[in-house]
1. Do we find that Tyr177 is assigned by the TED database to the domain that holds Ala285, under 24 Å from Met77 (Cβ atoms) and either open to solvent by 40 Å² or more (accessible area, probe 1.4 Å) or touching a strand residue (DSSP E or B) at 6+ places or on another chain (Cβ under 8 Å) (or both) in this structure?
2. With respect to Ala193, is the statement that it is in a helix (DSSP H, G or I), farther than 30 Å from Gly227 by Cα, open to solvent by less than 50 Å² (accessible area, probe 1.4 Å) and not polar (S, T, N, Q) true?
3. Do the conditions hold for Ser73, that is, is it surrounded by 12 or more Cβ atoms within 10 Å (Cβ to Cβ) and touching a strand residue (DSSP E or B) at 6+ places or on another chain (Cβ under 8 Å)?
4. Can you tell me which residues in the stretch 7-44 are open to solvent by less than 70 Å² (accessible area, probe 1.4 Å) and part of a loop (DSSP other than H, G, I, E, B)?
5. Got a number for residues in the stretch 199-230 being touching a helix residue (DSSP H, G or I) at 6+ places or on another chain (Cβ under 7 Å) and assigned to a loop (DSSP other than H, G, I, E, B)?
6. Please indicate, with yes or no, whether at least one residue in the stretch 245-261 is surrounded by 19 or more Cβ atoms within 10 Å (Cβ to Cβ), among the small types (Gly, Ala, Ser), closer than 30 Å to Trp51 by Cα and without any contact (Cβ under 8 Å) to a residue 40 or more places away in the chain.
7. Could you identify the single residue in Val15, Val29, Val23 that is more than 28 Å from Ile232 (Cβ to Cβ) and outside the structural domain of Val160 (by the TED database)?
8. Is there a residue in the stretch 118-136 that is among the charged types (D, E, K, R) and open to solvent by 70 Å² or more (accessible area, probe 1.4 Å)?
Amino acid sequence: MIKKFLYSQKVAPYVFVLPFIFVFIFFWVYPLGSSFSMSFQKIQLGQEASWIGFSNYEKLMGDGVFLKAVTNSAVYMVLTLAVLIPFPMLFAVLINNKFMWGRDFFKSSFFFPALTSVVVAGTIFRLMFGEMEGSLINSVLGWFGIGPVKFLKGQVTGFVALVSLATWRWTGVNMLYFLAGLKNIPDEYYEAASMDGASSFQKLTRITMPLLKPTTIYVLTISIYAGLAMFIESMMLWNGNNSPKNIGLTIVGYLYRQGIEKNNLGYAAAVGIVLLAITMIINLAQLAFSGMFKKED
């Protein structure tokens, strides 16, 4: 009876889906539900949890450090989107060109940084952007007569270091996404455009970019999440979670500070729920704006 049940064609699909359902429930639904519940409580180690309603959320709205973290994360997200979508797309188009030599070399070179540990990469970039004259970036600036810059002690220069690290690590990954999208565009479209006298720029704007829309939306969606959820890069650049005047503090960094460093788990849970809400709102808005929810005729 059991064997007949397991080998049933009606039951088999559910058996194959069961592992995913278990993982989804225990590692996503349950933690999310627990975090949502914790956000309405005051939870500190060694003390009994108590319900406090919306107090954590009310406190967040007046928390200047949290608002600073939200601003930092939003600015970082915008800057990385401005860099990590157009440039990887351009590099993918160049590498995909049939006249391009050394394609495999360039693809490997661009992708290699993504294989590097973010801890190692963050440490290297911290040394590169160090404030001493002997640091790499200040040495280069010295060739042009520019004195040492304390990159990691200023708001603008700190973001220069952060975005530089993100660009180095993720350009190759996004480029491969766009390369995969380019492979789905038939060569006949470009041949027909050439016969009509279209220039390379016209082919890019009239054929490549429109047909890369699904890939672009995917890269945009994951980049928005990555930008808002960034933490380790900032922590490694400033060698901890306490940058000068919180210039490198992110939403996840503030969550870590409250939940791990201060053991204020209820407040940290509220920070996490707000981060989820912000990410969902931005992504759903851009997906709706791009027409992804419209039904095809």
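The values are calculated or read from the model by the stated rules, or taken from the named source; none is laboratory data. From a predicted model like this one, the values you see are computed outputs, not experimental measurements. Virtual Cβ from ideal backbone geometry, glycine too; neighbours counted across all protein chains shown. Quick note on the areas: whole protein, heavy atoms, side chains included, nothing else; ligands and nucleic acids left out. Shrake-Rupley method; radii C 1.70, N 1.55, O 1.52, S 1.80 Å.
1. Values: assigned by the TED database to the domain that holds Ala285: yes; under 24 Å from Met77 (Cβ atoms): yes; either open to solvent by 40 Å² or more (accessible area, probe 1.4 Å) or touching a strand residue (DSSP E or B) at 6+ places or on another chain (Cβ under 8 Å) (or both): yes.
Yes; evaluated as a whole, the condition is true for this residue.
2. Numbers: in a helix (DSSP H, G or I): yes; farther than 30 Å from Gly227 by Cα: yes; open to solvent by less than 50 Å² (accessible area, probe 1.4 Å): yes; not polar (S, T, N, Q): yes.
Here the answer is yes, as Ala193 does meet what is asked.
3. Working: surrounded by 12 or more Cβ atoms within 10 Å (Cβ to Cβ): yes; touching a strand residue (DSSP E or B) at 6+ places or on another chain (Cβ under 8 Å): no.
Answer is no for this residue.
4. Ser8, Val11, Ser39, Phe40, Ile43
5. The total comes to 3.
6. Within the stretch 245-261, one or more residues are surrounded by 19 or more Cβ atoms within 10 Å (Cβ to Cβ), among the small types (Gly, Ala, Ser), closer than 30 Å to Trp51 by Cα and without any contact (Cβ under 8 Å) to a residue 40 or more places away in the chain.
7. Values: Val29 fails: more than 28 Å from Ile232 (Cβ to Cβ); Val23 fails: more than 28 Å from Ile232 (Cβ to Cβ).
Val15 is the lone residue from the list that is more than 28 Å from Ile232 (Cβ to Cβ) and outside the structural domain of Val160 (by the TED database).
8. yes
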